[in-house]
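One structure is given below, encoded as structure tokens.
The values are calculated or read from the model by the stated rules, or taken from the named source; none is laboratory data. Every value quoted in this text rests on a predicted model; they were computed, and no experiment measured them. Positions of Cβ are backbone-derived with ideal geometry, glycine not excepted, and every protein chain shown enters the neighbour counts.
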């Protein structure tokens, strides 16, 4: 798959850090559009797979004009499952490359991997984001099925997902979520857990699948993916004005807003699943009560921060 461009959404910070983003996370650019091999630029599916059974790969991703009301773009990626001779092939979209090595879905010969020497099948990332955020609409034939997203930040190694023994020592951080069918479009936010043992980020491998179980689900299950972003929340990455604008929270006192906020500035408070809890101007949100836990507070400028009790 040809990568047409390399985009970095750069936030110039007082520490000199550049906050990297995912290339074509908004799914606006597509390769081979209109053919069976169409894929969102910088993302890969079965049509660009490798392995002994790669010639069996079929189209399981396509451009869609179905987007959330919050999207600034025109397109999303529709990823869908198929049935072949009674075997369910989960829809699979990745920043790496799919290896098709077995007709048994759960076989360890089937995996996604970062091909670190090939920019078409890997995504460089040398920073340390706090969370992965994306918009999704998941339709499944069974309300008990779960789709899956997993993002692994790793060092300079051809990392595999599912993680094998050779990849384990190259893990820097993981953000993973299995989620049920949605009621329309939902925003998901997943914190990265810096589990190590590696501490040298070099690449990120993200995988979206229509079911968390290989071969699970039904033909026609689908996930629509859009606006995949990385969030950076460290106060060291914010200039002095931004730091003053952030909030502190204690569950017995409600939301305590910094005096640096103007009364008409807009905030949105979501849980870590991306579900909106409250939104409004700072004046409207003064004194609201929140349960103990962690929340994402997004400011009208587009910046956001994870806060907790």
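Kindly indicate the residue of segment 108-127 that is part of a loop (DSSP other than H, G, I, E, B) and free of Cβ contacts under 8 Å to residues at least 60 places away in the same chain and also surrounded by the fewest Cβ atoms within 10 Å (Cβ to Cβ) among those meeting that condition.
Looking at residues that are part of a loop (DSSP other than H, G, I, E, B) and free of Cβ contacts under 8 Å to residues at least 60 places away in the same chain, I get 117.
Give me a count of the residues in segment 62-98 that are in contact with a helix residue (DSSP H, G or I) (Cβ under 8 Å, 6 or more places away or on another chain), surrounded by 15 or more Cβ atoms within 10 Å (Cβ to Cβ) and not in a loop (DSSP other than H, G, I, E, B).
4
Could you tell me whether residue 50 is modelled with pLDDT under 95, more than 20 Å from residue 210 (Cβ to Cβ) and in the same structural domain as residue 159 (by TED's automatic domain parsing)? Spell out how you get there, then give the answer.
Working: modelled with pLDDT under 95: no; more than 20 Å from residue 210 (Cβ to Cβ): yes; in the same structural domain as residue 159 (by TED's automatic domain parsing): yes.
No.
Are any residues in segment 128-148 assigned to a loop (DSSP other than H, G, I, E, B) and crowded, with 17+ Cβ neighbours inside 10 Å, and if so, which ones?
128, 129, 130, 140, 145, 146
Are any residues in segment 149-162 surrounded by fewer than 20 Cβ atoms within 10 Å (Cβ to Cβ), out of contact with any helix residue (DSSP H, G or I) (no Cβ under 9 Å at 6 or more places or on another chain) and under 19 Å from residue 128 (Cβ atoms), and if so, which ones?
Step one: of segment 149-162, the residues surrounded by fewer than 20 Cβ atoms within 10 Å (Cβ to Cβ) are 155-157, 162.
This time we only want the ones that are out of contact with any helix residue (DSSP H, G or I) (no Cβ under 9 Å at 6 or more places or on another chain), so: 155-156, 162.
Result: 155, 156.
If we scan segment 210-220, do we find a residue that is in a strand (DSSP E or B) and either surrounded by 17 or more Cβ atoms within 10 Å (Cβ to Cβ) or free of Cβ contacts under 8 Å to residues at least 60 places away in the same chain (or both)? Reasoning before the result, please.
Initial filter on segment 210-220 (in a strand (DSSP E or B)): none.
No, segment 210-220 has no match at all.
In the list 116, 84, which residue meets the criterion of being at pLDDT 95 or above and over 13 Å from residue 46 (Cα atoms)?
Values: 84 fails: at pLDDT 95 or above.
One residue alone meets the criteria, 116.
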